[in-house]
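Below is one structure, written out as structure tokens, with a few remarks after it.
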Amino acid sequence: MKLIAFLIAAAALIVIGGASPPALAQVCTNGALNDVHFVTTPFAPATNATPMAASSPSVPPDVQADLKNAFAAASPAFQYKLCGLDGIFIDPSGCTNPSDPTTCNLTGALVPDYSWGLRTYPPNPSPGKRYIGLSLGLWNNINSKNPKTYQWNCAPSHYCPPPFSLFYTAFIDTVIHLRNASPYPVSVTVKPDSFAQSSAMSTLAVLAHEFGHVYWFDSFVDNPGGRFSNNFCGGIFYPSGNWQRNAVTLPFPNTTRFVAFGDVMSQAGSYVGGLPGSLHSLFAPGNWASALAAFSPNEDFVETFELKQLVNARPSGLTLLQINRDVVVPVPAGSWLAWKIGCFS
């Protein structure tokens, strides 16, 4: 599942490398993030396949540095969780040259569609393995298909993710357009300024979101391939196993266990069908971590987990997040969002 985006366009898959893929190194060594690999493409996490590391080319140094900066900004608890993964990848799908992120002409939902979290399950021969991938398109700062307002300066780096305030504005804009194509003004206020201008926080947000999808299965499906069990946080997150007065179950159990960006569960229709007009009604009561959180019980969990990691970021976490006139952070005391976010470290 995926995060950040801009406009809609087509993209072609590419295949990286011809030699045998290298053995995937552990994610961390002595608590420090190791270099990551490209995933061999085409790769479709919804098929429950095991991702493989591409033998070449190497992930650009600026991308490696950004990942390590994001890791350094994560709380110790989240660093520990990331180090427990079986692999972190960069997904170059839709990029004509994986050594150059500016060749990733991924717009609309395509960037989040090529970021993903996966916990394998039978019949995969290695069930329970846990991986996340980030789209290389996140580092394309000069995509000519994007409006100028969604381009950014990377100097002195060659490539970088957008600063967080721009990243989050584009995210909200994209979520709105998933449900309603009409223009709608969105104003996003982020504090402190150091957080708003940080591209490391954008990368941290994507890491947290994609890890959140893995964590959902860790929390609610004890055995890979097994049934939903509402034991997480003493059943507080989904009271009585319900969400929006409907029983929570596996995501789309009749198709796959994968949630694609923008998938809306039937229980959420009354909340998101009217976007963007319902933004105020979504945020004002203090129930949701984001507009995407209202799309499904899975996204509710994932976006709440992500928000907690942004608030806990170092050296100065998110202290104010305001969407138009509605404040998400600081989380209103006694709100349902405060109850949910309290389930996470």
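The values are calculated or read from the model by the stated rules, or taken from the named source; none is laboratory data. No experiment lies behind these values; they were computed from the predicted model shown. So basically every Cβ, Gly included, is an ideal-geometry build from the backbone, and we count neighbours across all protein chains shown.
Every residue, every condition in (1) closer than 30 Å to Asp218 by Cβ; (2) charged (D, E, K, R), yes or no:
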{"residue": "Lys81", "(1), (2)": "yes, yes"}
{"residue": "Ile90", "(1), (2)": "yes, no"}
{"residue": "Asn105", "(1), (2)": "no, no"}
{"residue": "Ser135", "(1), (2)": "yes, no"}
{"residue": "Thr169", "(1), (2)": "no, no"}
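Can you name the number of the only condition in (1) crowded, with 24+ Cβ neighbours inside 10 Å; (2) over 20 Å from the mean Cα position of the chain (by Cα) that Thr174 fails?
(2)
Looking at the stretch 134-179, which of its residues are over 28 Å from Leu282 (Cα atoms), in a helix (DSSP H, G or I) and at pLDDT 90 or above?
Leu136, Gly137, Trp139
Please give the number of the condition Ser182 fails out of (1) at pLDDT 90 or above; (2) closer than 27 Å to Val327 by Cα; (3) surrounded by fewer than 20 Cβ atoms within 10 Å (Cβ to Cβ).
Failed condition: (1).
Kindly evaluate Gly225 against the criterion of being closer than 24 Å to Pro123 by Cα, among the small types (Gly, Ala, Ser), out of contact with any Leu (no Cβ under 8 Å at 6 or more places or on another chain) and not in a helix (DSSP H, G or I).
Yes; evaluated as a whole, the condition is true for this residue.
Can you run down the residue pairs with Cβ atoms below 7 Å, 6 or more apart or on separate chains, where the first is in the stretch 233-262 and basic (Lys, Arg) and the partner is in a loop (DSSP other than H, G, I, E, B) and at pLDDT below 90?
Arg257/Leu250; Arg257/Pro251
Within the stretch 271-312, track down each residue that is of a type in the set (Ser, Thr, Tyr) and touching a residue at least 12 places away in the same chain (Cβ under 8 Å).
Listed by number, the residues that qualify are Tyr271, Ser290, Ser296, Thr304.
Looking only at residues that are among the basic types (Lys, Arg) and touching a residue at least 40 places away in the same chain (Cβ under 8 Å) in the stretch 123-158, which one is nearest to Phe171 (Cα to Cα)?
In this case the residue turns out to be Lys145.
Give the stretch 49-68 a look and list any residue that's at pLDDT 95 or above and over 25 Å from Ser202 (Cβ atoms), or say none.
Ala49, Thr50, Met52
Quick one: which of Phe220, Phe211, Phe261 is surrounded by 22 or more Cβ atoms within 10 Å (Cβ to Cβ), closer than 30 Å to Phe71 by Cα and at pLDDT below 95?
Only one candidate passes the filter, namely Phe261.
With the requirement that a residue be outside any loop (DSSP other than H, G, I, E, B), at pLDDT below 95 and either exposed (fewer than 13 other Cβ atoms within 10 Å of the Cβ) or in contact with a helix residue (DSSP H, G or I) (Cβ under 6 Å, 6 or more places away or on another chain) (or both), what does the stretch 22-47 give you?
Thr47
Quick check on this structure: which one of Asn287, Asn298 is surrounded by fewer than 23 Cβ atoms within 10 Å (Cβ to Cβ) and either in contact with a Leu (Cβ under 6 Å, 6 or more places away or on another chain) or part of a helix (DSSP H, G or I) (or both)?
Asn287
So for the stretch 143-156 (the condition being over 21 Å from Val328 (Cα atoms) and in contact with a Gly (Cβ under 9 Å, 6 or more places away or on another chain)), does at least one residue qualify?
There is at least one residue in the stretch 143-156 that is over 21 Å from Val328 (Cα atoms) and in contact with a Gly (Cβ under 9 Å, 6 or more places away or on another chain).
Suppose the filter is surrounded by 21 or more Cβ atoms within 10 Å (Cβ to Cβ) and of a type in the set (Gly, Ala, Ser); does Ser198 pass it?
yes
Can you report the number of residues in the stretch 69-114 which are assigned to a helix (DSSP H, G or I) and at pLDDT 95 or above?
Qualifying residue count, the stretch 69-114: 13.
Being closer than 15 Å to Phe301 by Cα, modelled with pLDDT of 85 or more and in a loop (DSSP other than H, G, I, E, B) is the filter here; which residues of the stretch 241-258 pass it?
The answer is Gln244, Val248, Thr249, Leu250, Phe258.
Name every residue in the stretch 119-163 that is in contact with a strand residue (DSSP E or B) (Cβ under 7 Å, 6 or more places away or on another chain) and closer than 16 Å to Val63 by Cα, in order of residue number.
Ile132, Gly133, Leu134, Ser135, Leu136, Gly137, Asn140, listed by residue number.
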